[in-house]
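The block underneath contains the structure these notes are about, expressed in structure tokens.
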Amino acid sequence: MRAAVTAHKDFTISPIDDRVYGAFLEHLGRAIYSGIYEPGHPTADKNGMRGDVAQLVRDLDIPMVRYPGGNFVSAYNWEDGIGPRDKRPTRLDLAWHTSDSNAVGVHEFIDWCDTVNTKPMLAINLGSRGLDQARNFVEYINGPTGSYWGDLRKSNGRKDPWDVKLWCLGNEMDGPWQVGHKTADEYGRLANETAKALRAFDSSLELIVCGSSHSYMPTYPDWERTVLEHTYDAVDHISLHMYFNNRAQNTANYLAMNARLEEYIGTVASTIEFVRARKRSKKRVYISFDEWNVWYHSNEQDRKILDGAEGWPHAPRLLEDIYNFEDVLQVGCIINSFIRRSDVVKLACIAQLVNVIAPIMTEPNGAAWRQTTYYPYYLASRFGRGTALDLQVSCPGYDAEVADNVPYVDIAGVHNEADGTMTLFAVNRHASETIELEVGLHGLPAGKIADHQVISHSSLTAVNTAAKPTEVVPKKGTGAGVSSDKLTAELAPYSYQMIRLTA
Ligand code: AHR
């Protein structure tokens, strides 16, 4: 099978905001406790943060990490996580039917962000709480000393304001499962008044209002319209979430699901434009896709805890999906969609980062390792920075449940003028046919192949484990070549590829 692609330096989609390679950490399961934090671990630093995990995170070069939830945030009191540890209360977490010692709070999280070279994106509880605690929280984090909240922060060990810019106004407020679930009008009004108060404190904050939790939600896309009608002037981004699964065990359909993702992004982008037109506004609001991933492998085993059959355990194993090679292909396609829609998606977070539906797994007092899905995320985060190219792709397609004529090759291209590279990320969705890829390069680096990484495996269900952590890893690709401004490569059936060109 042949795929012909044309890439031109001047046919671009948008500069890619580095923050589309963000991640998410929630007080959920073992994401925090025995994930990033485990005081007794042999690699723990003086703050009790695991050094082995921090290194794997650092390697990903993540621009920002969202915290502390998720569903958890909708009943969270941020004040529980500040001050001396021995005075912090243990609380029941209504979202996940667990308890939380609050040994980690916002100080520990932001300090950890510094050690892994990332920036925090903080979420505010607009489920069980309201405007007043929101402004107090923001003042505690960013306010000057000489005022109540700044002085309290100082007395807890941090004199200088942190200057956190990204603030989520609640989480999934459209979801009936959310503590403090609201209608679009109720939420829209609260979010707008909260945003106005936060802006009165600091007009340069970047505020994210909740969109839909999924495109299957019955209130989608009216939710977006209503919420934006209330908040358009006061916010910068609208948040979307989407999780993917192959419960139906249909790989062709599974690997076509990013068509639905792109439809979702397209619809919300149009809704933003609709509200902008109604408001006669010059201002643009963008999309923060702050939860995305594959999530289904662990659903059965989680049921007991979520149903309350185990009481209120502290940091139990929850949402510990073990990802396989098939999920590598899926994650590759999802990230390609974000690159292709970099004109409207400016922030995105893989959900989540450690242990909980995550690319990094740990054992308490034991090893930390990379799941299969670590690698497409790693390669895109490291090498997908620059300007997204508007590739013209001609390739046979197939009809799937979610969309018709889904091309067998899913491909995205990034031109980085600063370092003189062009990088292609491609997934061959075909089970048995090699794709002969030909890319015409116009005004783009076409001197030599600087790197070619391939992830493939004979079994779609192959996984990485503590005992066998390198079963699915990228390997050096062979056979790609470039001459006369044309790149040629053979994409093996069911494979993920990254090809990087320099002048
Ligand atoms: O990431 C797991 C959960 O998925 C989050 O807590 C919630 O926001 C979403 O439903």
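The values are calculated or read from the model by the stated rules, or taken from the named source; none is laboratory data. These numbers were taken from a predicted model, which means no experiment stands behind them. Here Cβ is always computed from backbone atoms with ideal geometry, including for glycine, and neighbour counts include all displayed protein chains.
Contact annotation: residue pairs with Cβ atoms under 6 Å, 6 or more positions apart or on different chains, pairing a residue in the range 7-28 that is closer than 17 Å to LEU389 by Cα with a partner that is within 16 Å of the ligand (Cβ to nearest atom), are VAL20/ALA348. On the given criteria, is ALA380 within 13 Å of the ligand (Cβ to nearest atom), touching a residue at least 40 places away in the same chain (Cβ under 8 Å), crowded, with 24+ Cβ neighbours inside 10 Å and not charged (D, E, K, R)? No; evaluated as a whole, the condition is false for this residue. Checking each residue in the range 288-324 for being β-branched (Val, Ile, Thr) and more than 16 Å from the ligand (Cβ to nearest atom) picks out only ILE322. So in the range 96-131, with the set limited to residues that are within 20 Å of the chain's Cα centre (by Cα) and in a loop (DSSP other than H, G, I, E, B), which one is farthest from GLU38 (Cα to Cα)? For the range 96-131, the residue satisfying everything is ASN125. Scanning the range 193-221 for residues that are more than 16 Å from the ligand (Cβ to nearest atom) and closer than 22 Å to ALA348 by Cα yields ALA195, SER204, LEU205, GLU206, LEU207, PRO221. In the set (1) buried (at least 24 other Cβ atoms within 10 Å of the Cβ); (2) over 28 Å from TRP112 (Cα atoms), the condition left unmet by ALA277 is number (1).
Let's see how each residue does on (1) surrounded by fewer than 15 Cβ atoms within 10 Å (Cβ to Cβ); (2) out of contact with any Leu (no Cβ under 6 Å at 6 or more places or on another chain):
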| position | (1), (2) |
| --- | --- |
| SER458 | yes, yes |
| THR461 | yes, yes |
| ASN464 | no, yes |
| LYS468 | yes, yes |
| GLY477 | no, yes |
| LYS486 | yes, yes |
| ALA489 | no, no |
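Of all the residues in the range 21-66, those that are within 16 Å of the ligand (Cβ to nearest atom), in contact with a strand residue (DSSP E or B) (Cβ under 6 Å, 6 or more places away or on another chain) and either in a helix (DSSP H, G or I) or of a type outside the set (A, V, I, L, M) (or both) number 5.
Does any residue of the range 167-182 turn out to be out of contact with any strand residue (DSSP E or B) (no Cβ under 6 Å at 6 or more places or on another chain), among the polar types (S, T, N, Q) and either part of a helix (DSSP H, G or I) or surrounded by fewer than 20 Cβ atoms within 10 Å (Cβ to Cβ) (or both)? Looking through the range 167-182, none of the residues is out of contact with any strand residue (DSSP E or B) (no Cβ under 6 Å at 6 or more places or on another chain), among the polar types (S, T, N, Q) and either part of a helix (DSSP H, G or I) or surrounded by fewer than 20 Cβ atoms within 10 Å (Cβ to Cβ) (or both). Residue count for the range 223-253 satisfying the condition of being surrounded by fewer than 17 Cβ atoms within 10 Å (Cβ to Cβ) and either within 16 Å of the ligand (Cβ to nearest atom) or modelled with pLDDT under 95 (or both): 2. For the range 272-298, which positions are touching a residue at least 12 places away in the same chain (Cβ under 8 Å) and either small (Gly, Ala, Ser) or part of a helix (DSSP H, G or I) (or both)? Matches in the range 272-298: ILE272, PHE274, VAL275, ARG276, ARG278, SER281, SER288, SER298. When TYR216, TYR232, TYR254, TYR220 are checked against the criterion of being touching a strand residue (DSSP E or B) at 6+ places or on another chain (Cβ under 8 Å) and among the aromatic types (Phe, Trp, Tyr), TYR254 stands alone in meeting it.
Of the strands (runs of 3 or more DSSP E) lying entirely inside the range 362-408, those carrying at least 2 residues that are farther than 19 Å from TYR494 by Cα and either of a type in the set (S, T, N, Q) or in contact with a Gly (Cβ under 9 Å, 6 or more places away or on another chain) (or both) are 387-389. Among the residues of the range 66-105, the ones that are of a type outside the set (Gly, Ala, Ser) and crowded, with 19+ Cβ neighbours inside 10 Å come to 16 in all. In the set (1) in a loop (DSSP other than H, G, I, E, B); (2) free of Cβ contacts under 8 Å to residues at least 40 places away in the same chain; (3) more than 21 Å from ARG19 (Cβ to Cβ), the condition left unmet by SER203 is number (3). For beta carbons closer than 8 Å, sequence separation of 6+ or different chains, a first residue in the range 340-355 that is closer than 20 Å to ASP410 by Cα and more than 12 Å from the ligand (Cβ to nearest atom) and a second that is of a type in the set (D, E, K, R) and in a strand (DSSP E or B), the qualifying pairs are ALA348/ASP290.
Residue count for the range 311-339 under the criterion of being in contact (Cβ under 8 Å) with a residue 12 or more places away in the chain and not in a helix (DSSP H, G or I): the result is 13.
Kindly check whether there is at least one residue in the range 39-56 that is in contact with a Leu (Cβ under 7 Å, 6 or more places away or on another chain) and buried (at least 16 other Cβ atoms within 10 Å of the Cβ). No: the range 39-56 contains no residue that is in contact with a Leu (Cβ under 7 Å, 6 or more places away or on another chain) and buried (at least 16 other Cβ atoms within 10 Å of the Cβ). Filtering ARG158, ARG85, ARG153, ARG91 for residues that are away from the ligand (no atom under 16 Å from the Cβ), basic (Lys, Arg), within 25 Å of MET173 (Cβ to Cβ) and over 20 Å from the mean Cα position of the chain (by Cα) leaves a single hit, ARG91.
From the list ASN77, ASN142, ASN117, the lone residue that is away from the ligand (no atom under 15 Å from the Cβ), at positive phi and modelled with pLDDT of 95 or more is ASN117. Looking across the range 254-264 at every residue that is touching a helix residue (DSSP H, G or I) at 6+ places or on another chain (Cβ under 7 Å) and part of a helix (DSSP H, G or I), the one that is surrounded by the fewest Cβ atoms within 10 Å (Cβ to Cβ) is identified as GLU262. Quick one: would you say VAL356 is in a loop (DSSP other than H, G, I, E, B), under 30 Å from ILE238 (Cβ atoms) and among the β-branched types (Val, Ile, Thr)? Here the answer is yes, as VAL356 does meet what is asked.
Applying the criterion of at least 1 residues that are farther than 22 Å from ALA418 by Cα, more than 27 Å from the chain's Cα centre (by Cα) and aromatic (Phe, Trp, Tyr) to the strands (runs of 3 or more DSSP E) found wholly in the range 439-500 leaves an empty list.
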